[in-house]
Amino acid sequence: MKALETAHRAPTAVLAEDEPLLADELAELLRTLWPQLQIVARAADGVAALHAIEEHQPDLVFLDIQMPLLTGLEVARRIAGACHVVFITSYDSHALEAFEAGAIDYVLKPPSADRLLTTLRRVQERLLQPAADLRGALSRVGAAPSLPRPFLQWINASRGAAVRLITVEEILYFKSDQKFTLVVTADSEALIRKTIRELGDELDPAMFWQVHRSTIVNLYAIDSVIRDERGNLSLRLKNRAESLAVSEAHTHLFRQM
């Protein structure tokens, strides 16, 4: 039986996470906290994850819930108990209650050693038992009305030959630049491939406002709102010298300021 074999050999895992820096961070934490665990494959989308699970037949799979092509939930439904599952998620506490109710293990983004260690201890106990078919539990989680779409918490941005992980709290504004979008912090600029429209759907509206068809600004980065003699608005920032124009279509956002 697989459970008996697991007890006498190094357990294996597939790591499915579409954010390369997060995948690297999680893999490093796993090597530190569970040296015996062998990561036999990594995948950046749900279809690749399914193929890796079929090829390697791991004891365990770490599944990012929001992956391209197939979500982590869809992958877990399709494998139907072929291996143990740990979800990688940035969902809030209400959704995590649903996971707990379904006895589903998860790792919060960004991963922390303490939380991951708790998950790994539970997983090690479960490896002695057959993997559970999670389709029933996942149907309850998927139907939970309190399961929100998480807002972006960080951006992977190109800066020369490097890729930088930038938390949204650092970002002062986004500005479209032809095929790319410029990400501006207090001391740096970088490029991403997301459009302003995509960012508008993914960012927390309590923190970020679109003030122009090409510009989204972090409200906490605004120092003052300036009105010129023609009535045009612009935004002065706290930590940058440039000002940002506010288009007429968005001036209503600042009427109470």
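Derivation of every value follows stated rules applied to the coordinates shown; laboratory data play no part. All values derive from a computational prediction rather than experimental measurement. Using ideal geometry, Cβ is built from the backbone for each residue, glycine included, and neighbour counts are taken over all protein chains shown.
Neighbouring Cβ atoms within 10 Å as the yardstick, rank HIS84, HIS212 fewest first.
Values: HIS84 23, HIS212 19.
Arranged by neighbour count, lowest to highest, HIS84, HIS212 become HIS212, HIS84.
With label points built 7 Å along Cα→Cβ from the Cα atoms of ASP24 and LEU191, find their separation and express it in nm.
Reported label-point gap for ASP24 and LEU191 is 2.0 nm.
Can you return the aspartates and glutamates within cross-link range of LYS175? Criterion is Cα-Cα under 13 Å, with same-chain partners fewer than 8 residues away left out.
Counting by Cα, and skipping residues close in sequence, LYS175 has these aspartates and glutamates nearby: GLU189, GLU198, GLU242.
Tally Lys/Arg at +1 and Asp/Glu at -1 over every other residue whose Cβ is under 14 Å from the Cβ of ALA241; what's the total?
-1
For region 155-254, what is the largest minus smallest coordinate of the Cα atoms on each principal axis, given in angstrom and ordered from greatest to least?
The Cα atoms of region 155-254 stretch 44, 25, 25 Å along their principal axes.
Please list, in order, the residues from region 15-52 whose amide nitrogen is less than 12 Å from a point placed 7 Å along the Cα→Cβ vector of ALA82.
Only 47-52 pass the distance filter.
List residues of region 158-188, by number, whose backbone nitrogen lies under 18 Å from a label position 7 Å along Cα→C-beta of GLU242.
Backbone N within reach: 158-160, 170-188.
So, R0 is 30 Å and r is the distance between the beta-carbons of TYR220 and ASP114; what FRET efficiency does that work out to, to 0.05?
On the way: r = 28 Å, r/R0 = 0.95.
The calculated FRET efficiency here is 0.60.
Calculate the spin-label point distance for GLU202 paired with GLU54, positioning each point 7 Å from the Cα along the beta-carbon direction, and give it in nanometres.
2.9 nm
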